[in-house]
Amino acid sequence: MTHDIFLEVTNKIIEVLDQVNPDDYQPPFAGMAAQGLPLNPTTGKHYQGVNILALWFNQQALKFTANEWATFKQWQDKGANVRKGEKGSKVVFYKTLHIEEENAQGELENNKIPMLKVYTVFNACQVEGYETQEPAPAVDLVTRLELVDRFCTATKADIRHGEARAYYHRIHDYINMPETAAFVDTKHSQATENYYSTLLHELTHWSGAPHRLDRDKAKTSKERDKYAFEELVAELGSAFLSAQLGVTQSPREDHALYIKSWLQALKDDKKYVFSAAAQAARAAEYLNSLQPETIETGGSLEQAV
């Protein structure tokens with residue numbers, strides 16, 4: 001029965017690959033952008049360019065809840081004070097000065113002079129005497145699926161929740177997932193489906209570790225294609241397990257969207273889907289082998305429980 005599900009999902013994805021546009025793919029969970037663009041409360045302007053990424057990174061790393069940043073003096077001008085011992089974050093200010101100068105022939109020329117300055121800014125969470133508006137708590141749209149939770153727990157994978165991105169850490173052998181409240185409804189699926197399909201995607205990555213299936217040996221003809229190929233394996237593994245465990249009622253279009261985005265890195269060669277499907281089937285079988293008794297269902301969770 002399981003192999004029938006795998007074949008059905010693979011065939012469905014192949015069927016819709018030509019019909020989907022990878023530009024329509026929507027991330028299943030809210031990222032750093034959901035915190036809002038970094039803002040200078042004294043000028044009312046958002047930071048630009050590389051400063052956005054730098055301040056987002058620091059906001060996440062230091063667990064600041066505010067997206068407002070200003071210099072020491074700017075906070076003072078607003079009647080606030082940076083707390084003693086607080087360390088600032090660097091931002092850069094760049095602009096081009098246009099200066100008219102006379103050349104050797106006595107003609108005026110417009111010369112461009114680049115100007116770069118580095119400033120230290122502090123987050124609103126680092127100051128006293130300033131009231132920042134706390135972001136509204138996220139509404140958790142994910143409904144826990146007991147069957148899938150039991151399946152994942154039985155693998156004994158180290159699954160952690162916290163950071164704003166989902167990944168499998170190969171060196172330290174753990175899976176990180178965003179909190180369930182970070183998952184959102186998208187055009188093709190609900191938050192619950194997005195959470196569990198993402199978790200099963202990372203669990204498929206986990207199965208390929210050297211001391212498990214050692215999937216690193218399943219290399220494509222070109223080393224540079226290996227990462228893209230592994231993403232195909234993980235997404236197909238997620239699709240197989242989602243269908244098996246009743247996370248979704250039918251293969252989802254967003255699996256095809258994700259896969260097509262990686263196929264483009266592999267020059268749209270569909271043979272990679274069949275190769276990846278074989279590896280994904282091995283991964284799903286391995287994860288099933290870790291269960292007290294194999295769970296096989298193509299129906300809904302309510303039917304399976």
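Here are a few things to note about the model shown:
- Here the peptides 16-26, 101-111, 225-235, 151-161 are ranked by packing, the mean other Cβ count within 10 Å, and the order with the highest first is 225-235, 151-161, 16-26, 101-111.
- Working note: Debye formula, equal point scatterers on the alpha-carbon atoms of region 32-128, no solvent; log10 I(q)/I(0) at q = 0.15, 0.19, 0.22, 0.25 Å⁻¹ is -0.63, -0.87, -1.10, -1.33.
- Contact order, relative form, for region 32-128: 30 percent (alpha carbon pairs under 8 Å, 6 or more residues apart, mean separation divided by residue count).
- Hits among aspartates and glutamates - C-alpha to C-alpha of Lys63 under 16 Å, sequence gap 8 or more where chains match: Glu86, Glu134, Glu163, Glu179
- Working from label points 7 Å from Cα in the Cα-to-Cβ sense, the Leu290 to Thr153 distance is 1.5 nm.
- With a cut-off of 12 Å between beta carbons, the residues surrounding Ala182 carry a summed charge of -2, where Lys and Arg count +1 and Asp and Glu -1.
- Counted charge near Ala80, where neighbours are those whose Cβ lies closer than 14 Å (Asp, Glu -1; Lys, Arg +1): -1
- Among the listed pairs Lys12/Lys226; Lys156/Lys271; Lys45/Lys117, those with a Cα-Cα distance over 26 Å are Lys156/Lys271.
- Local electrostatic count at Asn123 - Lys and Arg +1, Asp and Glu -1, tallied over other residues with Cβ under 9 Å: -2
Bear in mind that the values in this text are calculations on the coordinates, not laboratory data. Just so you know, these numbers come straight off a predicted model, no measurement behind them. So basically every Cβ, Gly included, is an ideal-geometry build from the backbone, and we count neighbours across all protein chains shown.
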